[in-house]
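*Asks:* Take a look at the following structure, please.
The values are calculated or read from the model by the stated rules, or taken from the named source; none is laboratory data. Nothing here was measured: the structure is a model prediction, and the numbers come from that model. With ideal geometry, Cβ positions are generated from the backbone for all residues, glycine too; neighbour counts draw on all protein chains shown. Accessible surface areas use protein heavy atoms only, side chains included; no ligands, DNA or RNA. Shrake-Rupley method; radii C 1.70, N 1.55, O 1.52, S 1.80 Å.
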Amino acid sequence: MKILAFETSCDETSCAVIEDGRKILSNIISTQVPIHKKFGGVVPEIASRHHIEDVLPVAIEALTEASCDWKDIDAVAVTEGPGLVGALLVGVAAAKAAAWALDKPLIGVNHMEGHIFANFLQNPDLEPPFLALVVSGGHTMLVVVRDYNTFELLGETRDDAVGEAFDKIARIMGYPYPGGPHIDRLAKQGNPHAIPFPTPLHKEHSFDFSFSGLKSAVINYLHTKEMKKETVSNEDVAASFQYTVVNTLVTKAMEAMEKTKLTTIVLAGGVAANSGLREELKKECDKRNFRMSYPDSILCTDNGAMIGCRAYYMAQIGDYANLTLNANPRLPLRGIK
Ligand code: KG4
Ligand code: ZN
């Protein structure tokens, strides 16, 4: 089964052709990062306009690279939400047009479920059940993946998403959008124990996260240093901030593993590319003999391949959409109200 999958939820226009769920025949990503960089973040209206310009050429390139024609496609998938409504609408309109013209089924996919499913593309032998630590620019969640179509939300952020905190702090330090990779790079050269930032929600026995207090503490530290005209080591700030974030995420993830008695954990979302997070989670998993998976960096970012993979497993249970499919910027995970 060949699925043509569209992803336009934020600032990447992506189309992929996926065969039988796990084989990537093509995965074309046209990034708008250079365009949004000068604004310090994604400008929704500009993102939508660029998706309109790019979506068809990207789809054609995906088909060409997969050595496919439109008629070889068995189903069309698209990110339905969550994301920027205008951006999502472009992908949804394109996918509906393709499904209608080809007379093939349409599948509406949850973007966050797609991020989790990127792990199936990475590891052909990975099977549910497992725990997913989902860390992106818009979300921070611990999700139990019971089977391919049943998810349970254990906890999520009460305020900022972890990627949002990375981006904001990097911006204040003078680095361009997206800031996460800059913090990651700087952190490697700094001392993680140089500045004791507060650990978020560390005494609370819940699986929820909160990053706004930590974000404010880092910003206050930078502003105070600036007012006092004291020099700041960006490397130490980045390392101390990243250490605090990673420590919080990994501690909660290990508590969740203990509670659920699962033995496999996967990382998902843009922040899953963070080297400190990967290393620390791996170390803690090795101590406990847990299996750990994370996607290659290209599959951590927003991409059509992960949407096609998710769609395949929805098709297995006949979970199709119809031409009334609409973008839903707040789409919850399956089975979660
Ligand atoms: O999943 P994603 O591509 O978009 C959303 O669905 O939100 O995630 C983007 C986020 C940005 O906040 C970006 O700064 C962050 O992922 N990111 C990183 C790294 N690479 C990307 N954060 C920390 N370390 C990285 N290496
Ligand atoms: Zn994403």
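*Asks:* Can you tell me which residue within segment 171-229, out of those that are touching a residue at least 60 places away in the same chain (Cβ under 8 Å) and of a type in the set (D, E, K, R), is farthest from residue 273 (Cα to Cα)?
*Replies:* This residue is 171.
*Asks:* Now, a different point. Output the residues belonging to segment 268-293 that are out of contact with any helix residue (DSSP H, G or I) (no Cβ under 7 Å at 6 or more places or on another chain) and either modelled with pLDDT under 95 or of a type in the set (Asp, Glu) (or both).
*Replies:* Selection gives 279, 286.
*Asks:* A further question on this structure: Looking only at segment 295-337, which residues are surrounded by 12 or more Cβ atoms within 10 Å (Cβ to Cβ), within 17 Å of residue 85 (Cα to Cα) and of a type in the set (S, T, N, Q)?
*Replies:* Residues satisfying the conditions are 326, 328.
*Asks:* Sort out which residues of segment 25-49 are buried (at least 19 other Cβ atoms within 10 Å of the Cβ), among the hydrophobic types (A, V, I, L, M, F, W, C) and in a strand (DSSP E or B), and write them in order of number.
*Replies:* Of everything in segment 25-49, those that are buried (at least 19 other Cβ atoms within 10 Å of the Cβ), among the hydrophobic types (A, V, I, L, M, F, W, C) and in a strand (DSSP E or B) turn out to be 25, 28.
*Asks:* Tell me which residues, restricted to segment 219-248, are touching a strand residue (DSSP E or B) at 6+ places or on another chain (Cβ under 8 Å) and closer than 18 Å to residue 179 by Cβ.
*Replies:* none
*Asks:* Scanning for something open to solvent by less than 50 Å² (accessible area, probe 1.4 Å), farther than 20 Å from residue 263 by Cα and in contact with an Asp or Glu (Cβ under 6 Å, 6 or more places away or on another chain), does segment 179-188 turn up at least one residue?
*Replies:* Yes; the residues of segment 179-188 include at least one that is open to solvent by less than 50 Å² (accessible area, probe 1.4 Å), farther than 20 Å from residue 263 by Cα and in contact with an Asp or Glu (Cβ under 6 Å, 6 or more places away or on another chain).
*Asks:* Report, by residue number, each residue of segment 196-220 that is open to solvent by 60 Å² or more (accessible area, probe 1.4 Å) and in a helix (DSSP H, G or I).
*Replies:* Across segment 196-220, the qualifying residue is only 220.
*Asks:* Any residue in segment 294-316 that's under 17 Å from residue 163 (Cα atoms) and at pLDDT 95 or above: show its pairings with residues that are of a type in the set (Lys, Arg) and open to solvent by 10 Å² or more (accessible area, probe 1.4 Å) at Cβ separation under 8 Å, as long as the two are six or more apart or on different chains.
*Replies:* 294/278
*Asks:* Moving on to the next point. Checking residue 263 against (1) farther than 18 Å from residue 118 by Cβ; (2) of a type in the set (S, T, N, Q); (3) out of contact with any Lys or Arg (no Cβ under 8 Å at 6 or more places or on another chain), which single condition isn't satisfied?
*Replies:* Of (1) farther than 18 Å from residue 118 by Cβ; (2) of a type in the set (S, T, N, Q); (3) out of contact with any Lys or Arg (no Cβ under 8 Å at 6 or more places or on another chain), only one is false for residue 263: (3).
*Asks:* Of all residues in segment 313-336 being farther than 16 Å from residue 151 by Cβ and not in a loop (DSSP other than H, G, I, E, B), which is farthest from ligand 1 (Cβ to nearest atom)?
*Replies:* Checked segment 313-336; the qualifying residue farthest from ligand 1 (Cβ to nearest atom) is 315.
*Asks:* Just the residues that are open to solvent by 10 Å² or more (accessible area, probe 1.4 Å) and either more than 16 Å from ligand 2 (Cβ to nearest atom) or part of a strand (DSSP E or B) (or both), please, taken from segment 1-24.
*Replies:* 1, 2, 12, 19, 20, 22, 23, 24
*Asks:* Name the pairs: first residue in segment 275-291 and over 16 Å from residue 258 (Cα atoms), second residue part of a strand (DSSP E or B) and open to solvent by less than 30 Å² (accessible area, probe 1.4 Å), Cβ to Cβ under 9 Å, at least 6 apart or on different chains?
*Replies:* Matching pairs, first to second residue: 277/133; 277/135; 277/267; 278/267.
*Asks:* Between a residue in segment 125-138 that is touching a residue at least 40 places away in the same chain (Cβ under 8 Å) and any residue that is among the hydroxyl-bearing types (Ser, Thr, Tyr) and more than 14 Å from ligand 2 (Cβ to nearest atom), which pairs come within a Cβ distance under 7 Å, given they are 6 or more apart or on different chains?
*Replies:* 126/293; 130/264; 131/260
*Asks:* Restricting to segment 91-124, count the residues that are more than 16 Å from ligand 1 (Cβ to nearest atom) and either of a type in the set (Val, Ile, Thr) or over 23 Å from residue 277 (Cβ atoms) (or both).
*Replies:* Summing the residues that are more than 16 Å from ligand 1 (Cβ to nearest atom) and either of a type in the set (Val, Ile, Thr) or over 23 Å from residue 277 (Cβ atoms) (or both) in segment 91-124 gives 18.
*Asks:* Filter segment 211-223 down to residues that are closer than 14 Å to residue 247 by Cβ and within 20 Å of the chain's Cα centre (by Cα), then give me how many there are.
*Replies:* Of the residues in segment 211-223, 1 are closer than 14 Å to residue 247 by Cβ and within 20 Å of the chain's Cα centre (by Cα).
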